[in-house]
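Asker: My structure is below; once you've seen it, I'll send some questions.
The values are calculated or read from the model by the stated rules, or taken from the named source; none is laboratory data. Worth saying up front: this structure is predicted, and the values here are computed from it rather than measured. Quick reminder, even Gly has a Cβ in these numbers, built from the backbone with ideal geometry, and neighbours come from all protein chains shown. With ligands, DNA and RNA removed, areas are computed over all heavy atoms of the protein, side chains included. Shrake-Rupley method; radii C 1.70, N 1.55, O 1.52, S 1.80 Å.
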Amino acid sequence: MKKTDILISEVGPRDGLQSLSAIMPTEAKKLWINALAKSGIQEIEVGSFVPAKVLPQLADTAEIVAHARSIPGVQVAVLVPNYRGAENAIAAGAHKISIPLSVSETHSLRNVKRSHEQMISEITRIAELVKTIPKADRPHFEVGLSTAFGCSLQGAVSEDLVVRLAEASIAAGCDEVGLSDTTGSGNPAQLKRLLRKVWEAVGRDKLTGVHLHNTRGQGLANVLAAIDMGVETIDSSMGGIGGCPAAPGASGNIVTEDLVFLLESMGLSTGINFEALCDARRVFSELMPDVELYGFTPLAGLPKGFEIK
């Protein structure tokens with residue numbers, strides 16, 4: 001596995017597909033994930049263990065996890081909304097499970113139908129379940145602090161509440177927390193403040209990644225702020241597809257292709273081959289021709305003479 005300075009976690013097969021009305025066939029997902037892995041992407045969020053009636057686009061997640069686990073060098077991540085989802089994720093063999101804890105309680109009630117208190121209880125139960133698994137087989141358990149930068153339902157979100165929920169999540173037993181700009185409301189100064197506050201409260205090792213959206217064009221600016229602060233993992237989605245169905249106007253994940261170029265042009269290794277990444281983009285477009293993909297670098301190409309080592 002190629003050494004990287006920044007780990008790019010590809011969330012298209014989960015965050016991207018959940019926002020589409022069309023359902024990508026299971027075999028097509030496998031082909032796309034194969035192509036993503038071939039490009040050198042080392043972590044892929046392949047789905048979510050939610051009821052099929054809620055997100056029929058992700059009803060085949062267990063089968064997709066099994067397939068992705070067969071690909072050497074790929075860390076298989078999934079999203080779970082609750083304890084039942086975590087049980088299913090563990091049974092399927094996911095390497096990493098994430099649960100969203102919305103800082104906006106309004107969003108939490110709409111997204112997972114649980115209050116903050118109920119979500120902390122759910123996180124505690126999942127952490128206890130994870131700890132019953134032998135360490136060698138134990139999945140990494142992360143709590144994603146959703147709407148940490150603002151909510152399209154509730155409006156402004158208290159930074160102090162972000163910190164309190166981070167502390168409560170760590171106390172409940174999760175391995176780490178992540179900051180999620182679910183609605184693309186954040187800015188670089190805000191991101192740096194939140195990182196400092198959460199790190200001071202729970203420690204740097206308990207927050208190593210961020211999930212940023214480009215809804216208002218701030219995605220890559222926020223990435224620069226994050227890596228300047230020492231963040232090691234950035235979530236992104238091929239072609240920028242994705243969004244949160246429970247948050248009106250939440251769209252536009254960071255484009256993986258543009259993110260790779262940004263980081264590599266700064267001399268930061270991602271371990272990703274850009275040509276193979278564009279091949280994966282073509283695979284997706286052939287499989288889902290009606291889905292609009294975004295990104296500047298795939299259209300413009302790499303600058304003359306530029307090589308990703």
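Asker: Pairs please, first residue from region 282-309 and closer than 19 Å to I254 by Cα and buried (at least 16 other Cβ atoms within 10 Å of the Cβ), second anywhere and at pLDDT below 90 and of a type outside the set (A, V, I, L, M), Cβ atoms under 8 Å, 6+ apart in sequence or on different chains.
Answerer: Once the first residue is closer than 19 Å to I254 by Cα and buried (at least 16 other Cβ atoms within 10 Å of the Cβ) and sits in region 282-309, its partners that are at pLDDT below 90 and of a type outside the set (A, V, I, L, M) give Y294/G252.
Asker: Of all residues in region 60-92, which are of a type outside the set (A, V, I, L, M), crowded, with 18+ Cβ neighbours inside 10 Å and under 22 Å from R110 (Cβ atoms)?
Answerer: Listed by number, the residues that qualify are T61, P81, N82, G85.
Asker: Further question on the same structure: Can you name the residue in region 3-19 that is part of a strand (DSSP E or B) and open to solvent by less than 10 Å² (accessible area, probe 1.4 Å) and, of all such residues, is nearest to L36 (Cα to Cα)?
Answerer: Step by step, filter region 3-19, then rank; the result is E10.
Asker: Of the conditions (1) under 19 Å from S237 (Cα atoms); (2) polar (S, T, N, Q); (3) open to solvent by less than 10 Å² (accessible area, probe 1.4 Å), S102 clears all except one; give me its number.
Answerer: It is condition (1) that S102 fails.
Asker: Quick one: which of G40, G73, G16 is touching a residue at least 12 places away in the same chain (Cβ under 8 Å), of a type in the set (G, A, S) and closer than 18 Å to G252 by Cα?
Answerer: The unique qualifying residue is G16.
Asker: Can you say whether L145 is modelled with pLDDT under 95, in contact with a helix residue (DSSP H, G or I) (Cβ under 8 Å, 6 or more places away or on another chain) and of a type in the set (A, V, I, L, M, F, W, C), as far as the supplied structure shows?
Answerer: It is false that L145 is modelled with pLDDT under 95, in contact with a helix residue (DSSP H, G or I) (Cβ under 8 Å, 6 or more places away or on another chain) and of a type in the set (A, V, I, L, M, F, W, C).
Asker: Look at region 150-172 and say how many of its residues are modelled with pLDDT under 95 and either among the aliphatic types (A, V, I, L, M) or in contact with a helix residue (DSSP H, G or I) (Cβ under 7 Å, 6 or more places away or on another chain) (or both).
Answerer: Total meeting the criteria: 5.
Asker: What number of residues in region 111-128 are under 13 Å from P81 (Cβ atoms), touching a Ser or Thr at 6+ places or on another chain (Cβ under 9 Å) and surrounded by fewer than 17 Cβ atoms within 10 Å (Cβ to Cβ)?
Answerer: Selection size over region 111-128: 1.
Asker: Could you say which residue among A94, A89, A66, A127 is under 20 Å from the mean Cα position of the chain (by Cα), outside any helix (DSSP H, G or I) and of a type in the set (G, A, S)?
Answerer: Details: A89 fails: outside any helix (DSSP H, G or I); A66 fails: outside any helix (DSSP H, G or I); A127 fails: outside any helix (DSSP H, G or I).
Within the list A94, A89, A66, A127, the selection yields A94.
Asker: Another question, if that's okay. When you scan region 169-183, how many residues do you find that are within 21 Å of the chain's Cα centre (by Cα) and either hydroxyl-bearing (S, T, Y) or over 20 Å from E232 (Cα atoms) (or both)?
Answerer: Result for region 169-183: 5.
Asker: Surrounded by 14 or more Cβ atoms within 10 Å (Cβ to Cβ) and of a type in the set (G, A, S) - does that describe any residue in region 159-167?
Answerer: yes
Asker: Within region 196-219, can you find the residues that are over 17 Å from the mean Cα position of the chain (by Cα) and assigned to a helix (DSSP H, G or I)?
Answerer: R196, K197, V198, W199, E200, A201, V202, R204, D205
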